[in-house]
Number of protein chains: 2
Amino acid sequence: MKCSKCGSSAVINLHQHHLRLCEAHFLDFYSSMVQRAIEHYTMFWPEDRLLVAVSGGKDSLALWDVLLRLGYQAEGLYISLGIDEGIGYSANSRTMCEKFVAGHHPGALLHVVDLRAEHGCGIPELARSELRGRNKPCAVCGLVKRHIMNRVARDGGFSAIATGHNLDDEVAVLFQNTLHWKAGYLARQAPVLDEREGLARKVKPLVRCYERESAAYALLRGIDYIYDECPFSKGATTNFYKELLNDLEMRSPAAKQQFYLHFLQARDSGQIRFEASDQSTVEGEAEPLLRICTRCGQPTVAQDVCAFCRLWERHGEEKHG
Amino acid sequence: MKCSKCGSSAVINLHQHHLRLCEAHFLDFYSSMVQRAIEHYTMFWPEDRLLVAVSGGKDSLALWDVLLRLGYQAEGLYISLGIDEGIGYSANSRTMCEKFVAGHHPGALLHVVDLRAEHGCGIPELARSELRGRNKPCAVCGLVKRHIMNRVARDGGFSAIATGHNLDDEVAVLFQNTLHWKAGYLARQAPVLDEREGLARKVKPLVRCYERESAAYALLRGIDYIYDECPFSKGATTNFYKELLNDLEMRSPAAKQQFYLHFLQARDSGQIRFEASDQSTVEGEAEPLLRICTRCGQPTVAQDVCAFCRLWERHGEEKHG
């Protein structure tokens, strides 16, 4: 297999792009894909300070690496969620982030928020005391991460939070929302969520990169990352959708990319319009009204106290009640 | 397994409806599903004369049977396409239709149009001489069937053409159109296509019935049908989508039904709007402008001669050229 650009030995076959690339040309290709997404969706500029949410996985570390190599000002945020589940998940993933900084970008800043140190317990205990975490702690975990990311971004004066969501992630979410025709969610899903009323701007620079491209990038750049998915994500519907969509991609290379990009194009051009009705106001309104939490001062859709503060309140009552 | 209605031995488990039914209750259930779809989408009334397009397969024969048993005036139309492919496909499917009439509804009228008798050749030869049939004759076949169905419906004064498209068929088409976000097609796909300018009304009364329900209905009613799919449909993308969607349904019973019905609801309620742009005018405009074919007098989107007439014209030139 020869590199389509230089004829030397290729290391990867990108079926969806009809490209076979050698190591050097693939690294270039990946960086340009990210740079083009940043420009195409006007995500940020070189003068912006970015907070990259890193989990120790391939996507977020590849993202941080490529942003720094492209010359952006990017600091990392690792949230230690206190998940062990017999494989030391949180401890290992934190180590990966620290090793990445030490080995690849010794000058880069990694902010760490440790849930157990700050609040006295991690996600598993918190979820156990919480109705919505009865089956899976994922809803609680998502809420906690969004809250902390937003607080750190706001307090640190960052221009945007960058997350490592890749094309496969976005396609799985789009597929899920499309299967149920959730107009509110379909109206909102985007590579950029603008800042508003205390909610930091959110950007997804890897939105055009397939998961296997990030894995290849991390491998070729010598970035060690945590291979395990979060143990709580096992059996998640999103994973089932990803497998289904992989079957689709196998049969029709670029199918996932087209599904996602055609969606954005059709919506941006007005060919397809989504309007949240009364019915979807609660779960997926395009622009839910924001208030300020009377406890923590962060934006919330609740009347007074935000979901994050109420979560810890209930947890405290449970512990002492 | 006990019938959810009467406690006697059940013959089918309808996971998506949380129902197990005995033979008698399943036959009732299937008929009511069809009747409810007819009413819900205001397809037709008892005084309407219907032309049921029958292929000899389970869906169209089940449809014709259930319409007659529900008291509707339904005549059959069988189009002999001249497809043999070593399994006598057309000959066998015609026999199935004739046996159905003789055995189940001896008084029912079956109209037969034989392509070879009328035009001198069948689909395979026609497709071979046609660019668009180079890979698969399916596009040519669809065009021919639509033309003949419309002609017979118009000449016979029928109120509507009823086809046996089931939920699985509709979902596969919806899935295909959604994967590419084809706004024009998504605007049009519906259980009813209204009559307009010489184009007969088209209705799909089985739109809420799963394929396996039609198969069970045919089996229990003693309707013999052709098991083979058309030999040319092997390996079709639609079949691949159907398998993918079956995996989805297996994991989440009712997923297909929800995907389709939520789509119709979201579009009807205006939560989702599709607008055909210039780009999609050619292939899938919501309401393409119709003219009259100067050869056959049938409606066409072409400037003068319709695609059907041009097809035979080119075939004649090829044969004599």
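Given the structure, is residue A:43 on the phi < 0 side of the Ramachandran plot and in a loop (DSSP other than H, G, I, E, B)?
Taking the combined requirement at face value, the residue satisfies it.
In the stretch B:39-86, what residues are within 16 Å of the chain's Cα centre (by Cα), among the aromatic types (Phe, Trp, Tyr) and farther than 23 Å from residue B:26 by Cβ?
Correct list: B:78 only.
Between a first residue in the stretch A:14-40 that is under 23 Å from residue A:192 (Cβ atoms) and in contact (Cβ under 8 Å) with a residue 40 or more places away in the chain and a second residue that is part of a strand (DSSP E or B) and of a type outside the set (Asp, Glu), which pairs have beta carbons less than 8 Å apart while being 6 or more apart in sequence or on different chains?
That search, which allows pairs on different chains as well, returns A:38/A:203.
Among the residues of the stretch B:51-79, write down those that are aliphatic (A, V, I, L, M) and part of a loop (DSSP other than H, G, I, E, B). Steps first, answer last, please.
The initial filter retains those residues of the stretch B:51-79 that are aliphatic (A, V, I, L, M), namely B:51-54, B:61-63, B:66-68, B:70, B:74, B:77, B:79.
Answer for the stretch B:51-79, where residues must be aliphatic (A, V, I, L, M) and part of a loop (DSSP other than H, G, I, E, B): B:54, B:70.
Going by the conditions given, is residue A:65 closer than 16 Å to residue A:141 by Cα and either of a type in the set (Lys, Arg) or out of contact with any Gly (no Cβ under 7 Å at 6 or more places or on another chain) (or both)?
no
Please indicate, with yes or no, whether at least one residue in the stretch B:238-252 is among the charged types (D, E, K, R), more than 8 Å from chain A (Cβ to nearest Cβ) and under 30 Å from residue B:140 (Cβ atoms).
Yes, there is a match, as at least one residue in the stretch B:238-252 is among the charged types (D, E, K, R), more than 8 Å from chain A (Cβ to nearest Cβ) and under 30 Å from residue B:140 (Cβ atoms).
Please state which one of A:17, A:40, A:25 is modelled with pLDDT of 95 or more, surrounded by 16 or more Cβ atoms within 10 Å (Cβ to Cβ) and more than 25 Å from residue A:96 (Cβ to Cβ).
A:25
Looking at (1) in contact with a helix residue (DSSP H, G or I) (Cβ under 8 Å, 6 or more places away or on another chain); (2) modelled with pLDDT under 95, which is the only condition residue A:52 fails?
Only one criterion is unmet by residue A:52, namely (2).
Out of curiosity, is residue A:12 at pLDDT 95 or above, surrounded by 17 or more Cβ atoms within 10 Å (Cβ to Cβ) and touching a helix residue (DSSP H, G or I) at 6+ places or on another chain (Cβ under 7 Å)?
The answer is yes for residue A:12.
Would you pick out the residues in the stretch A:149-195 that are surrounded by fewer than 19 Cβ atoms within 10 Å (Cβ to Cβ), over 22 Å from residue B:255 (Cβ atoms) and touching a helix residue (DSSP H, G or I) at 6+ places or on another chain (Cβ under 8 Å)?
Correct list: A:188, A:190.
The rows are residues; the columns are (1) closer than 17 Å to residue B:107 by Cα; (2) touching a strand residue (DSSP E or B) at 6+ places or on another chain (Cβ under 7 Å); (3) of a type outside the set (Gly, Ala, Ser).
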site	(1), (2), (3)
B:53	no, yes, no
B:56	no, no, no
B:64	yes, yes, yes
B:67	yes, yes, yes
B:72	yes, yes, yes
B:77	yes, yes, yes
B:84	no, no, yes
B:88	no, no, no
B:92	no, no, yes
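When you go through (1) surrounded by 19 or more Cβ atoms within 10 Å (Cβ to Cβ); (2) away from every other protein chain (no Cβ under 14 Å) one by one for residue A:118, which number turns out not to apply?
Condition (1) is where residue A:118 drops out.
Restricting to the stretch A:218-237, count the residues that are free of Cβ contacts under 8 Å to residues at least 24 places away in the same chain and within 14 Å of another protein chain (Cβ to nearest Cβ).
1
For the stretch B:1-38, give me each residue that is within 20 Å of the chain's Cα centre (by Cα) and among the basic types (Lys, Arg).
The initial filter retains those residues of the stretch B:1-38 that are within 20 Å of the chain's Cα centre (by Cα), namely B:30-38.
Result: B:36, single match.
The values are calculated or read from the model by the stated rules, or taken from the named source; none is laboratory data. None of these values were measured; they are calculated from a predicted model. Glycine also receives a Cβ, built like all others from the backbone with ideal geometry; neighbour counts cover every protein chain displayed.
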